[in-house]
Amino acid sequence: MSDDYGHDDHPSPWGPHDWGHGAPHNSFAPLILSIGVGLFLLMVGGLFTFGEFDGRYLPMVFVALAVIAAAIVVWWRQDMSFDGSYEPRARGVPFKNIQIRKVGVWVFLMSEMMIFSSLFSTYMRYRQGIPRCDTIFESGDWVEGVAVNCFEPASQLIASSWWHIAPGAINTFALIISSFTIVQALRWAHKPVGSVDEDVRRKRIYRYLGATWCLATLFLTLKMIEWFIGFHVPEIGFLGIHEHEIHSLYSEGYLINNDHYQAHHYIDEATGAHMVANIQVSASLFYVTTGTHGLHVFGGIIGLSYLTYKAWTGAYNPQSAVSIEYFGLYWHFVDLVWVLVFPFFYLY
Amino acid sequence: MSKTIMGKDAYWMNFFGLMLLTLIEVAAVGTDLGPTAEGFDMTERQLTLWILTIIAIPKFMMIAAIFMHLWGENDSGILTLTALFPAFFIIIMVLFIGLTHPEAATGLPAWCRPGTYGL
């Protein structure tokens, strides 16, 4: 740590930091943010207690959002002046000479890994333990009008055609490209002073970060199309594509509360009988896992908004590039999780 | 920051590699693998799962090693160990609890089954 630690210039944990005098990155912002997020989740839970909407919790939801917003404002206000002049490094083993914040990001990412592992573990167990709906349908072991408890993977709908899979596939490519754009932003920030015109550096960094922001927004937009909106495929004669509609998962009835799921592929052609399925477990697993990932993307968009703005002001250079590096670690992690979510929830 | 793979920039090579592997993933799902699966004495779904898993592993490693700088940096070793720290717990959770508990899916008490709350 710097010898200036505890100096008279020791900054307030609330206000802008005086980085030139050894600010120790102290801030109440992460603590407030954690409290805000915790409060938000609790209140949203209360809002839908036992599946019923309870409006009494609504004001507290907005209070929680205000706490989150306040924390973000404090955090960004403090970081805005960060020029990389003080980056504390560990002095003891095992992380000697490694930036403390970098280690902190990795520990945070590992806790995130545990969250997603628990979701994957749950998915694997239920996928193994509950018979698939199509297996039951083909076996004929069902009675029309009586809901069958079975596992209906979302891929049954999503992977049913190239058009259905398109939003997820495009999203996969979008995340990979965004991982690339953010390392390019870091690369330009790392270029030694004097080796590149500073205005060119500034433009390259904010454009790469801006491109990452756009790709992240595209990801969530396509997710909404896939979940709720669907899309129209026009007639493209020379490709032999006929005009048709791609329905959203919502309109297909793939919902967490659907205990009477009726898919068109579960109609017995011989008798015309329609199998009805309770798909609450499979739909819940799909929406919770992909939704948790989507929330991480949303969090990334908020962070990217700030980073892009700061880059636009020309704040990033080889010394302050660590901010992009640390955020990049988070963003690559989001990509990493998608590498597993996409094949196992969308394709298989 | 100027690492290379086969003489080319590591970031670009990683990017192209990831794009290629993803294309293979999507193609594997869209292609009729039935006859191939019969040759391996498995169902098409099993073969697809194998392909997807085999492709996901290098993709995972490529992102972690190149984009997250867990390869070729001074601190790569200790940070890789840090990243692997939860692996022990994940293995326990996924393999031992997730796959071996005989009644995890069906033996749950009614109060924690979906639908009980009218959701």
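The values are calculated or read from the model by the stated rules, or taken from the named source; none is laboratory data. Bear in mind that the values here come from a model prediction, so they are computed numbers and not experimental data. Every residue, glycine among them, receives a Cβ derived from its backbone with ideal geometry; neighbour counts consider all protein chains shown. Note: areas computed on protein heavy atoms with side chains; ligands, DNA, RNA excluded. Shrake-Rupley method; radii C 1.70, N 1.55, O 1.52, S 1.80 Å.
Note on chain A: GNM, Cα springs under 10 Å; of A:Phe333, A:Phe116, A:Phe95, the largest mean-square fluctuation is that of A:Phe95. Where the alpha-carbon atoms of the stretch A:80-190 are placed on the principal axes, they occupy 71, 34, 22 Å, in descending order. Remark: accessible area buried at the B-A interface is about 4900 Å², both chains counted, probe radius 1.4 Å. Overall, the accessible surface of the stretch A:28-116 at a probe of 1.4 angstrom is composed of carbon and sulfur to the extent of 74 percent.
With the charge dipole of the protein assembly as shown set up from +1 on Lys and Arg Cβ and -1 on Asp and Glu Cβ about the Cα centre, the Cα lying farthest toward the positive end among the listed residues A:Val334, A:Phe231, A:Cys150 is that of A:Val334. Only aspartates and glutamates eight or more places from B:Lys59 in sequence, or on another chain, were considered; those with a Cα closer than 14 Å are A:Asp335, B:Glu25. Around the Cα centre of the protein assembly as shown, unit charges on the Cβ atoms of Lys, Arg, Asp and Glu (plus for the first two, minus for the last two) sum to a dipole of about 1480 debye. Computed from point charges on the beta carbon alone (+1 for Lys and Arg, -1 for Asp and Glu), the dipole magnitude for the stretch A:89-193 about its Cα centre is near 1380 Debye.
Two tests apply to each whole DSSP H helix in chain A, Cα reach of 15 Å or more along its axis and mean Kyte-Doolittle hydropathy of at least 1.6, and the ones passing both are A:29-47, A:58-79. With a Cα cut-off of under 26 Å and a minimum spacing of 8 residues unless on different chains, the lysine pairs in chain A number 7.
With bins 10 Å wide beginning at 0, the percent of Cα pairs of chain A falling in each bin runs 5, 19, 27, 23, 15, 8, 3, 1, 0. On a per residue basis, chain A carries 46 Å² of accessible surface, using protein heavy atoms and a 1.4 Å probe.
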